[in-house]
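The values are calculated or read from the model by the stated rules, or taken from the named source; none is laboratory data. Remember, predicted model here, so these are calculated numbers, not experimental data. Every residue, glycine as well, gets a Cβ built from its backbone with ideal geometry; the counts of neighbours run over all protein chains shown.
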Amino acid sequence: MFQSTFSSDIFSELENLHQQVQRAFNAGSGIRGNTIGTYPMLNVGKTPQSIELYAFAPGLDPASIDVNLERGVLTIAAERNSDLPTPNEKSTVHINERFAGRFRRVLSLPEEIDPSDVSAKYRDGVLHIQLKRRESAQPRRITVQ
């Protein structure tokens, strides 16, 4: 007598709709917004003495990574070559989910960074950039007399 226009599992239908909207707008599900397709993925944190940045970029030659700091803007650029054969009449690529090509990430940094005290190390596919904070920006304990 009464026929529902909804699926028997409304929650799975809502999840499907949510996934379609995400794909349509290429939006990440995280609180930071659009993260899908951004390469390399970054983790950024700070200590009282420094800002620590980790870029996850496996398969790079450390000599090919270009890290620049100019006027409070940090730029990371490099190129990762594809490990797959070039598609032609004798080879076919079925799945290619790994990023290959040139990339560039640009980040604005706070003024508290000391541009003369920055180090970068690449190990096991992770680029670690340590940006020291100016002495005047570091927390200090003041003795009460």
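So the values come out like this:
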| item | result |
| --- | --- |
| Members of region 52-88 that are within 18 Å of Asp114 (Cα to Cα) and out of contact with any strand residue (DSSP E or B) (no Cβ under 8 Å at 6 or more places or on another chain) | Glu70, Arg71 |
| One residue from Val21, Val44 being touching a strand residue (DSSP E or B) at 6+ places or on another chain (Cβ under 9 Å) and either modelled with pLDDT of 75 or more or on the phi < 0 side of the Ramachandran plot (or both) | Val44 |
| Single match in Ala57, Ala78 (criterion: in contact with a Pro (Cβ under 6 Å, 6 or more places away or on another chain), surrounded by 11 or more Cβ atoms within 10 Å (Cβ to Cβ) and either modelled with pLDDT of 75 or more or closer than 30 Å to Glu135 by Cβ (or both)) | Ala57 |
| Among (1) over 15 Å from Leu127 (Cβ atoms); (2) modelled with pLDDT of 90 or more; (3) touching a helix residue (DSSP H, G or I) at 6+ places or on another chain (Cβ under 7 Å); (4) not β-branched (Val, Ile, Thr) - the single one Ser7 does not satisfy | (2) |
